[in-house]
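Below is one structure; the comments refer to it alone.
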Amino acid sequence: MKLIGEEKLLFADEISKTNMFEWTQKRTFVLTDKNIYNIHKKSIKRTIGIHEIGGLTKTIPPSKSLEFTVHVPAKYDYRFISNRRDQILDMIKRVFIIHHKKNCPVFCVTSKNLKDFTTTEKDMNKQVSRFPLAEYRNMQEDLLDALSTPGV
């Protein structure tokens, strides 16, 4: 709690992060009202501001993976695996709406993993983006619709 200061803690759990070498690493994933934190042991490895998020991608059946990627267009993406993925994504979408006053774009892919849909640090250095194409956007994931007030 000392690491996040005055921010409101919304979610914290140990999950797996997949790095650019395809290795998974246990990390503490923390979501606050302002940021997502990747914490290893007692130090923050990365902070992603909610305002920096460009979208989310998740695997769907027939894939059996519970992967998701947090897209950070100005930097590089983060790829995670969690049994609580849907709960995490729902909370990120809600915080995104509060910050941006619009839906967080969610992309769904049937790939076995999200390697081809996650921009790594190496990709950024080569100016390569793996942000999903619009055809993968799943409007059913939207929490807001044009006719209703958000139930955030």
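We did not get these values from a lab; they are worked out from the coordinates using the rules stated. None of these values were measured; they are calculated from a predicted model. Because the Cβ atoms are built from the backbone with ideal geometry, glycine has one as well, and the counts that use them run over all protein chains shown.
General observations
- When the pairs LYS17/LYS75; LYS17/LYS102; LYS42/LYS126; LYS58/LYS115 are compared against a 21 Å limit on Cα-Cα distance, LYS17/LYS102; LYS42/LYS126 fall above it.
- Applying the criteria of a DSSP loop state and at most 16 other Cβ atoms within 10 Å to the chymotrypsin sites (Phe, Trp or Tyr not before Pro) of the stretch 1-60 yields PHE21, TRP23.
- Where only alpha carbons of the chain are counted, the Rg and the Dmax (Å): 14.9, 45
- Sorting the segments 122-131, 53-62, 98-107 by their mean number of nearby beta carbons within 10 angstrom, highest to lowest, gives 53-62, 98-107, 122-131.
- Value at 222 nm in deg cm²/dmol, rounded to 500, when DSSP H runs of n ≥ 4 in the chain each add -39,500 (n - 2.57): -4000 deg cm²/dmol
- Label separation (HIS51 vs GLN87): 3.0 nm, computed from points 7 Å beyond Cα along the C-beta direction.
- Given the chain, longest segment not containing exposed loop GluC sites (Glu not before Pro) (DSSP; at most 13 other Cβ within 10 Å): 23-152
- Spin-label model, HIS100/LYS115: points 7 Å from Cα along the beta carbon direction are separated by 2.8 nm.
- For the stretch 1-51: rounded, prolate or oblate by the Cα gyration tensor [a/c cutoff 1.5]: prolate
- Its relative contact order, with pairs defined as Cα atoms under 8 Å and 6+ residues apart, puts the chain at 19 percent.
- Extension gain, LYS122 back to ALA134 (0.36 nm per residue minus Cα-Cα distance, nm): 2.0 nm
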